[in-house]
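Participant: Next up is a structure, given as structure tokens.
The values are calculated or read from the model by the stated rules, or taken from the named source; none is laboratory data. All figures in this text were calculated on a predicted structure; none of them were measured in a lab. Ideal geometry is used to build each Cβ from the backbone, glycine not excepted, and the neighbour counts take in all protein chains shown. Accessible surface is based on the protein model in full, side chains and every heavy atom, while ligands, DNA and RNA are left aside. Shrake-Rupley method; radii C 1.70, N 1.55, O 1.52, S 1.80 Å.
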Amino acid sequence: MNFKAALFDLDGVVFDTEPQYTVFWGQQCREYHPEHPGLEQEIKGQTLVQIYDAWFSGPLEAEQVVITERLNKFEQQMHYDYIAGFLDYITSLRQKGVKTAVVTSSNQPKIQAVYQSHPEFRSLFDAILTSEDFERSKPDPDCYLKAAERLGVTPDESVVFEDSFNGLKSGRAAGMFVYGLATTNSAEKIAPLCDQVINDYTLL
């Protein structure tokens, strides 16, 4: 493929963090929704706003502040391990002149935790876009279109790397070639939403 820009989601795409989030949300769901076992599996890949709107609104709205504080503390202590082959792959892209960006629904406090864990992280990307940069959340294409504009490329010159259903839909809606990583959901489930499924970056 000839493309000028590679746009990466963060969790489950750059870092293998999804199992840790499953633990965190499992704790919250058991506390607030014991009547719905396995809820943490259903909300995988959703943004915080989407989770709150669907499951922590109404009588539980006041608990959003508590959960957000817990989440911020949790993210400061998480392990940020790169997906297999990612570092070699993005290094090769940059050597070829391909522009790179992170496009994540995570917020700035989370990104600051990433910087502390990986001082080299900034140097891997030409742009890092977080939730503060977008008006509309995935699956809306707003985030990926803004990233392409930031890098000075068109959608058909860009490829997206995503793992969640909403993220895959966002990349598709932006008119970009979409790689789906089977890190959060099975290859069978994400295949209809992307152009190519990969387990990691070792074979790219």
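Participant: In nm, give the distance between the simple-model label positions of GLN108 and ASP200, each being 7 Å from the Cα along the Cα-to-Cβ direction.
Facilitator: Reported label-point gap for GLN108 and ASP200 is 3.4 nm.
Participant: Continuing with the same structure: Rolling a 1.4 angstrom probe over the protein heavy atoms, how many square angstrom per residue are accessible across the chain?
Facilitator: Ligands and nucleic acids excluded, the figure is 48 Å² per residue.
Participant: Considering only protein heavy atoms and a probe of 1.4 Å, how much of the accessible area of the chain is carbon and sulfur, as a whole percent?
Facilitator: 50 percent
Participant: Rank by packing, highest mean first: peptides 144-150, 187-193, with packing defined as the count of other Cβ atoms within 10 Å averaged across residues.
Facilitator: The packing order, highest mean first, is 144-150, 187-193.
Participant: Out of the DSSP beta bridges found with both residues in the chain, what percent are antiparallel (nearest 5)?
Facilitator: Bridges in the chain that DSSP calls antiparallel: roughly 5 percent.
Participant: Take each of the peptides 125-134, 155-164, 62-71, 11-20, average the number of other beta-carbon atoms within 10 Å over its residues, and list them starting from the highest.
Facilitator: 155-164, 11-20, 125-134, 62-71
Participant: Also, quick follow-up: Quick one: if you take sqrt(5λ) for each eigenvalue of the C-alpha gyration tensor of region 55-150, what semi-axes come out, biggest first, whole angstrom?
Facilitator: 29, 18, 10
Participant: Please find the FRET efficiency linking SER123 to GLN77, where r is the Cβ-Cβ separation and R0 is fixed at 30 Å, and quote it to the nearest 0.05.
Facilitator: Result of the calculation: an efficiency of 0.80.
Participant: How would TRP55, TRP25 line up by accessible area, probe 1.4 Å, largest first?
Facilitator: TRP55, TRP25
Participant: Same structure, new question: May I ask you to derive the relative contact order of the chain, considering only C-alpha pairs under 8 Å and at least 6 residues apart, and to give it as an integer percent?
Facilitator: Relative contact order of the chain: 27 percent.
Participant: Here's a follow-up. Testing the spin-label approximation: label points 7 Å from Cα along Cα→Cβ at ARG70 and GLN95. State their distance in nm.
Facilitator: 4.5 nm
Participant: So what's the back-of-envelope 222 nm ellipticity for the chain, counting only DSSP H runs of four-plus at -39500 (n - 2.57) apiece and dividing by all residues, rounded to 500?
Facilitator: Computed mean residue ellipticity for the chain: -12000 deg cm²/dmol.
Participant: Taking the Cα centre of the chain as origin and charging only Cβ (+1 Lys, Arg; -1 Asp, Glu), how large is the dipole, in debye to the nearest 20?
Facilitator: Roughly 480 debye for the chain.
Participant: Within 11 Å, Cβ to Cβ, of TRP25, how many net charges do the neighbouring residues add up to if Lys/Arg are +1 and Asp/Glu are -1? Walk me through the intermediate numbers first.
Facilitator: Numbers: positive: ARG30, LYS44, ARG70; negative: GLU18, GLU31, GLU40, GLU42.
Cβ neighbours under 11 Å give a net charge of -1.
Participant: What is the local net charge at PHE8, summed over the other residues whose Cβ is closer than 12 Å to its Cβ (Lys, Arg +1; Asp, Glu -1)? If you can, show how the numbers build up before the last one.
Facilitator: Values: positive: LYS99; negative: ASP9, ASP11, ASP126, GLU162, ASP163.
Surrounding charge for PHE8 is -4.
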